[in-house]
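Let me begin by presenting the structure, written as structure tokens, before commenting on it.
Quick note: the coordinates plus some simple rules give every number you see, no bench work behind them. Please read these numbers as outputs of a predicted model, since none were measured by experiment. All Cβ positions, glycine included, derive from the backbone under ideal geometry; neighbour counts span all protein chains shown.
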Amino acid sequence: MNRFMIGQFGKFDKLKQKKDFKQGFYGVEACSMESEKEIINLYENAKKNNYKIAVHFPLRAGKWRLRDAQYLSKDEEIKRQSYEYIENELKYIRAISPQYVLFHYPKPVLLDSEIDWENWRFQDETEYYFDNEYSYEKFITESEEFFRWLSYKSEEYNFTPVLEFDALNKYVCGTNIVEELLEKYPRVKICLDIARLHLQSKIDYKFHSLKIVKKFAKYAEVIHVSNGRAEDNASRNHLPALRTLSKEEGYANIKEYFDIIKKENNECKILFEHRSDLISDDELEDCYKYIYELLNC
């Protein structure tokens, strides 16, 4: 279990840390901490207990009008602010020496106008375009600019940049442009979020989540593990990936994903991005055991 991680969102939750974090785990992925005190608490606990810290951007909450930077925005001022926002956070983050810093990609996302995205969660309308409003040529140019910039900054600030796929578009799924960028800028890695991929496969009839996993697993730095269903995603998301949640009931078949992942990448981290407060200690132990078995049996 030395590849396993847990998440801490908003604050350093001592009860969650005690319940979720087990001996031999790799580390904690922190996101949107509400105060510097919470970051210090996390940092001191990590030093005391000898585990690694990673960052799900942003580390600090409330430093921009949205959580995610919009580095692909067609609005040049929003794009400029987004790069500035990331730079400022990277300067601050450097003090805790994160193993990786994770960003959602692409942002804004490009949506297929033929699909109903009601169950996808957005903060506001600037977080997406429809794909017929954003050309393939612009997507290539803006994506490469971001990959190049992140690669340079990762050397300057000494971290691994990780891109977590958000809603994926026809340019990512139907071409090899992202693979080409990952080969050209090898410091940049990928995060595959199983629940998010499953959700898109249920919303978007053109999207095949297992094909995406097969395509990108070898580039993965971390896998985000949780479960959920399209019909109640707004109210019941980030469920623990229990072996009792069945495909027949609309949940992701976790085994199908890990059958691919363990063949393609036996070094990536496994981040349990779930609501452990929804289950008992025994169920949590079985969740960890289940994912361990899928990776090693």
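Over region 1-105, what is the relative contact order in percent, taking alpha-carbon pairs closer than 8 angstrom and at least six residues apart?
24
How high is the FRET efficiency from Lys18 to Asp259, r the C-beta distance, R0 35 Å, rounded to 0.05?
Details: r = 33 Å, r/R0 = 0.93.
Efficiency computed from Cβ-Cβ geometry: 0.60.
Straight distance only, please: which aspartates and glutamates reach the Cα of Lys91 with their own Cα at less than 15 Å, same-chain residues fewer than 8 apart left out?
Leaving aside aspartates and glutamates fewer than 8 places away in the same chain, those within reach of Lys91 are Glu36, Glu155, Glu156.
Just the projected area, averaged over all directions, of the convex hull on the alpha carbon atoms of the chain: how many nm²?
Details: hull surface 57.6 nm².
Answer in nm², one decimal: 14.4.
If you stretched the chain out fully between Tyr157 and Arg243, how much longer would it get, using 0.36 nm times the residue separation minus the C-alpha to C-alpha distance?
Stretched fully, the Tyr157-Arg243 segment lengthens by 27.0 nm.
For the pairs Lys202/Lys289; Lys52/Lys189; Lys184/Lys263, flag any whose C-alpha to C-alpha distance is greater than 20 Å.
Lys202/Lys289; Lys184/Lys263
To the nearest Å, what is the center-to-center distance of region 244-297 and region 144-189, using C-alpha atoms only?
26
To check my understanding: the extent here is largest minus smallest coordinate of the Cα atoms along each principal axis. What are those three numbers for region 167-235, in Å, largest first?
Here the spans come out as 39, 24, 17 Å, largest first.
Under the rule of at least 5 residues apart or a separate chain, name every residue whose amide H is placed under 5 Å from the amide H of Ile190.
The list, which skips near neighbours in sequence, is Leu163, Ala220, Glu221, Val222.
Which peptide among 201-208, 161-168 comes first, and what is the full order, when sorted by highest mean count of other Cβ atoms within 10 Å?
161-168, 201-208
Return the long-range amide H neighbours of Phe130 (sequence gap of 5 or more, or a different chain), with a cut-off of under 5 Å between placed amide H atoms.
Long-range HN contacts for Phe130: Leu111.
Using every alpha carbon pair in region 85-160, what percent of pairs falls into each 5 Å bin from 0 up to the bin containing the largest distance?
All Cα pairs considered, the percentages come to 3, 12, 21, 18, 15, 15, 10, 5, 1, 0.
Under a GNM of the chain (C-alpha, springs under 10 Å), which listed residue has the highest mean-square fluctuation: Arg67, Arg121, Arg148?
Arg121
Could you give each residue of region 283-288 its phi-based ³J(HN,Hα) in whole Hz, using Karplus coefficients 6.51, -1.76, 1.60 with θ = phi - 60°, and x for Gly or Pro?
Couplings: 5, 5, 4, 6, 4, 4 Hz.
With an 8 Å Cα cut-off and a minimum separation of 6 or more residues, compute the relative contact order for the chain in percent. Kindly include the intermediate steps, with their values, before the conclusion.
Working: 488 pairs, mean separation 46.2, N = 297.
Relative contact order for the chain comes out at 16 percent.
Report, largest value first, the span of the C-alpha coordinates of region 27-143 along each principal axis, in whole Å.
51, 29, 23
What ³J(HN,Hα) values, in whole Hz, does the Karplus curve 6.51 cos²θ - 1.76 cosθ + 1.60 give for region 216-225 when θ = phi - 60°, with x put for Gly and Pro?
Result, rounded to whole Hz: 10, 4, 5, 9, 7, 8, 8, 10, 8, 10.
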